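Shown next, in structure tokens, is the structure this report addresses.
The values are calculated or read from the model by the stated rules, or taken from the named source; none is laboratory data. All values derive from a computational prediction rather than experimental measurement. Backbone-built Cβ (ideal geometry, glycine too); neighbour counts: all protein chains shown. To get the accessible areas, we keep the full protein, side chains included, count just its heavy atoms, and leave off ligands, DNA and RNA. Shrake-Rupley method; radii C 1.70, N 1.55, O 1.52, S 1.80 Å.
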Amino acid sequence: MTETTSKYYLLDTNILLHEPLAFLNFDEHNVVIPMVVLEELDNIKDRHKDVSREARVAIRSLEDALKDASPEEILEGVSLSRMQGAHHAEGTLAIFPDYQLKQTDSVLNLSENDHRIIQAAIELQKRHKNAKIVLVTKDINMRLKAKGAGVKYVEDYRTDQLIDDIRFLSKGFVELEGDFWQNVGEVTSVQEGRETFHEVEREVLPTVFRNQYLIDETELFAAKVVGYDEQHVRLHDLGFERMMSYHAWGIHPKNIYQAMAMNALLDPSIDLVILTGPAGSGKTLLALASALELVIEQGIYEKIIVTRNTPEIAESIGYLPGTEEEKMAPWLAAITDSLEVLHKNDESMESSLNYIMNKANIQFKSLNFMRGRSIQNAIVLLDESQNLTASQLKTIITRCGTGTKIICSGNLAQIDSYYLTAVTSGLTYIVERFKDYPGSATVNLNGVVRSSLAQYAEENL
């Protein structure tokens, strides 16, 4: 590779914390890790935090890539192709000695780590004038500062970004114009017990995936894709009115979007249900009501495990007195609020809540203690999952064993994480990754049903 065509990717610390093996995902290009990044990883690795694991994995992986190289080779760049598991990495990995940078009036204050990384990128631009030097960071403010300081190319880490615009995110359903059956030519219908299935030509629905819902403007037709090949699409006829008559723990759907969500939530063959939508669309209430129905009324599952990320990203829940459930309770107020709504008309609401908590074996768990578990015969409610990364969601989903259903809900317009956006959120990632998996369903709950005030705020603020 000539100097004029080569690229150098300088990685910020948050890239390796987001994905410890990120340095292997730059194909034939050169990856540079500033020394200050290693210092930051070293400071993080011993903390009692979830992110410390990522720091330790990153350090071990870097050591594995550089262990046989001389100091001179590490500064120049070591080939990644020899590293075990580096199937696509054909470039080099180098450590940049940013401690050699000299403080002058014309550069940023080098006592700050971010500034040392930015200055390292500027120094590389001077050394390799004909190459493309790219600073990769998930810190939005750092990207702005780097541009202002003179770094020509600054990017977010996009290897795990599956869509470019959140508008392209799968909603889990298709709203068809007019009457669906008017556009269908040949159709084969089969009755299996009480259920009706149709096979229509693929050209009627060219873009489909499993468990995708279909509705039209007639408010009569509603179906779900249960299979397809190059010629045909197999539909399960659900019926609009039939779906609107669903109920779970006294809750009925207020619109067709909630009805589609309830269909997925109450189906034991669907192991993963992803609910997206604005605040007040009913995600948590529907998930909890359906979970209570499946555990207490139908006895399909044995318990309900409720968890969510906290602002500390599932770090230590503290040393003050109290059980894990008591400490997690403030973060899971949305669940307790929903429980109160479900039992507000009971003669003694507090007694009802205590009874239901015991009967459904509802457990409040910290994400910090989910790693390493194997959860059997349970429903896992993962609230506020828009603030989790793809790797954190993978950790939780892979905990689910036999007979376990996981419900992930979140509002992609309310992300609190410093480093995530709507398109890089782990919630967005799993929606796209699982959209054609036979055991999963996604529903975007359009419309705010909490109150007219909440709806107006969602639409106008």
Cα→Cβ-extended label distance, 7 Å offset, between residue 186 and residue 453, nm: 5.9 nm
Heavy-atom accessible surface of the stretch 143-296: percent carbon and sulfur, 1.4 Å: 47 percent
Those residues of the stretch 34-77 whose amide nitrogen sits under 18 Å from the label point placed on residue 418, 7 Å along Cα→Cβ: 34, 36-56
Alpha-carbon Rg with Dmax, taken over the stretch 203-243, Å: 10.4, 31
Normalised contact order of the chain, rounded percent, pairs of Cα under 8 Å and 6 or more residues apart: 15 percent
Residue 269 versus residue 346: modelled label distance in nm, points set 7 Å from Cα along the beta carbon direction: 3.4 nm
Principal axes of the stretch 34-148: Cα extent on each, largest first, Å: 43, 40, 25
Farthest toward positive dipole pole in the chain [+1 Lys/Arg, -1 Asp/Glu at C-beta], among 404, 125, 104: 104
Extreme residue, positive dipole direction of the chain, given options 236, 149, 209 (C-beta unit charges): 149
18 Å Cα-Cα reach of residue 132 towards aspartates and glutamates, excluding residues that sit fewer than 8 places from it in its own chain: 3, 12, 27, 28, 76, 90, 123, 155, 156
P(r) tail fraction, the stretch 181-288 - alpha-carbon pairs more than 24 Å apart, %: 27 percent
Portion, in percent, of the accessible area of the stretch 347-461 that falls on carbon or sulfur, probe 1.4 Å: 49 percent
Full-extension gain in nm, residue 201 to residue 230, via 0.36 nm per residue minus C-alpha separation: 9.5 nm
Charged-residue dipole, Cβ positions (Lys, Arg, Asp, Glu), the chain about Cα centre, Debye nearest 20: 1000 debye
Accessible area per residue, Å², the stretch 104-248 with all protein chains present, probe 1.4 Å: 55 Å²
Pairwise label distance in nanometres, residue 74 with residue 218, each label 7 Å out on the Cα-Cβ vector: 7.1 nm
FRET efficiency estimate (nearest 0.05) - Cβ-Cβ, residue 433 to residue 144, R0 25 angstrom: 0.25
Under 26 Å from the Cα of residue 254 - lysines, other chains or at least 8 residues apart: 171, 224, 283, 344, 405, 435
Reachable lysines, given that their alpha-carbon falls under 17 Å from the alpha-carbon of residue 138 and they are not under 8 places away in the same chain: 147, 152
Dimensionless Rg/Rh of the chain - Kirkwood Rh, Rg from C-alpha atoms: 1.03
